[in-house]
Amino acid sequence: MSAALLAELRDSPLTLGERVPGASNVTVLARTGEGTRCVYKPRAGERELWDFPSGTLAEREVATFEMDLALGWNLVPPTVIRADGPLGPGMCQLYVEAVGEPPVALMPQGNVPAGWCVAASGDGYVLMHRDSVELRRMVLLDAITANTDRKGGHLLPVVGTGVFGIDHGVTFSVEDKLRTVLWGFAGQEIGGSEQADLEALLEHWPSAAEPIAGLLSAAEVDAARERLTALVTLKVFPLPQPGWPRLPWPVM
């Protein structure tokens, strides 16, 4: 990821293409003046939410990218705030083409294939996901950012680079409201390299958190640090919160 690419996404003129169907907020495919494909989400197209301040979803998307960047995990496509755009200020993110088998599946109950984990089951179906380094790291990133909407469709397989996560507008709540399809690791011990990365991030806080300080409230930044501290201390993957739905809807 280069500074030049971030500058291009931030400043280059955008030519709009088609709107992404089914997106809960206005999401438009676009190209920069240099021809790079990207996704543009204008702030004016964000729908009102009862549990997040209005007009803050773009900042949360960028904050998630910055947190991933601080961890060095390359799970989130380059994402920036655009001060202007064809439809006003908003978020701009490098477009990622999904290639390969999706890492999450909803299947009739039966044998779970080797290399897959069960996230949930019921009504004759099993929600499962792959057991991979990228998905383990995605769970930890989602735990730090309190992602309330990790659907299967928000995980894009990419040949040669594993998995990218997208759609991070409902993150960094002060409350722990993790909702994800990746519960197959719940309660497991965090691996050595991931544990080391988490410890390094905590050690370099607050300097590592400076990029998100201007995007979130002070309380939201403090809450992220508390969640990171809990992961470092307990050394296990998060468990579902009592009294809070564990799965997003729809799951895919």
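Okay, here's what the table says:
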quantity: Yes/no for GLY110 being crowded, with 21+ Cβ neighbours inside 10 Å, in a loop (DSSP other than H, G, I, E, B) and either within 10 Å of the chain's Cα centre (by Cα) or not assigned by TED's automatic domain parsing to the domain that holds GLU194 (or both); calculated: no
quantity: Search result, residues across region 136-162 that are at pLDDT 95 or above, touching a strand residue (DSSP E or B) at 6+ places or on another chain (Cβ under 6 Å) and either among the β-branched types (Val, Ile, Thr) or within 16 Å of PRO238 (Cβ to Cβ) (or both); calculated: MET138, ASP142, ARG150
quantity: Count of region 52-78 residues which are outside any helix (DSSP H, G or I) and either in contact with a Pro (Cβ under 7 Å, 6 or more places away or on another chain) or closer than 17 Å to LEU16 by Cα (or both); calculated: 0
quantity: Tally, over region 200-213, of residues that are more than 24 Å from SER173 (Cβ to Cβ) and either touching a Cys at 6+ places or on another chain (Cβ under 9 Å) or surrounded by 11 or more Cβ atoms within 10 Å (Cβ to Cβ) (or both); calculated: 1
quantity: Which listed residue is small (Gly, Ala, Ser) and in contact with a strand residue (DSSP E or B) (Cβ under 9 Å, 6 or more places away or on another chain), from GLY88, GLY22; calculated: GLY88
quantity: Scan of region 154-193 for residues that are assigned to a strand (DSSP E or B) and under 18 Å from the mean Cα position of the chain (by Cα), ordered by number; calculated: LEU155, LEU156, PRO157, VAL158, GLY162, VAL163, PHE164, GLY165, THR180
quantity: One residue from ASP167, ASP176 being surrounded by 21 or more Cβ atoms within 10 Å (Cβ to Cβ) and either farther than 19 Å from VAL26 by Cα or not hydrophobic (A, V, I, L, M, F, W, C) (or both); calculated: ASP167
quantity: GLY214, sole failed condition from (1) of a type outside the set (A, V, I, L, M); (2) modelled with pLDDT of 95 or more; (3) closer than 16 Å to ARG60 by Cα; calculated: (2)
quantity: Unique residue being at pLDDT 95 or above, touching a Phe, Trp or Tyr at 6+ places or on another chain (Cβ under 8 Å) and not in a loop (DSSP other than H, G, I, E, B) when the list is ALA196, ALA200, ALA224, ALA219; calculated: ALA224
quantity: When residues of region 1-46 are limited to those that are under 16 Å from HIS168 (Cβ atoms) and charged (D, E, K, R), the one surrounded by the most Cβ atoms within 10 Å (Cβ to Cβ); calculated: LYS41
quantity: Test: residue in region 231-239 that is crowded, with 16+ Cβ neighbours inside 10 Å and charged (D, E, K, R); calculated: no
quantity: Scope region 168-195; condition closer than 14 Å to VAL104 by Cβ and of a type outside the set (Gly, Ala, Ser); matching residues; calculated: ARG179, THR180, VAL181, LEU182, TRP183, PHE185
quantity: Residue tally, condition at pLDDT below 95 and part of a loop (DSSP other than H, G, I, E, B), over region 1-26; calculated: 9
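The values are calculated or read from the model by the stated rules, or taken from the named source; none is laboratory data. Computed from a predicted model, the values in this text were never measured in an experiment. Methodologically, a virtual Cβ is constructed for each residue, glycine included, from the backbone with ideal geometry; neighbour enumeration extends over all protein chains shown.
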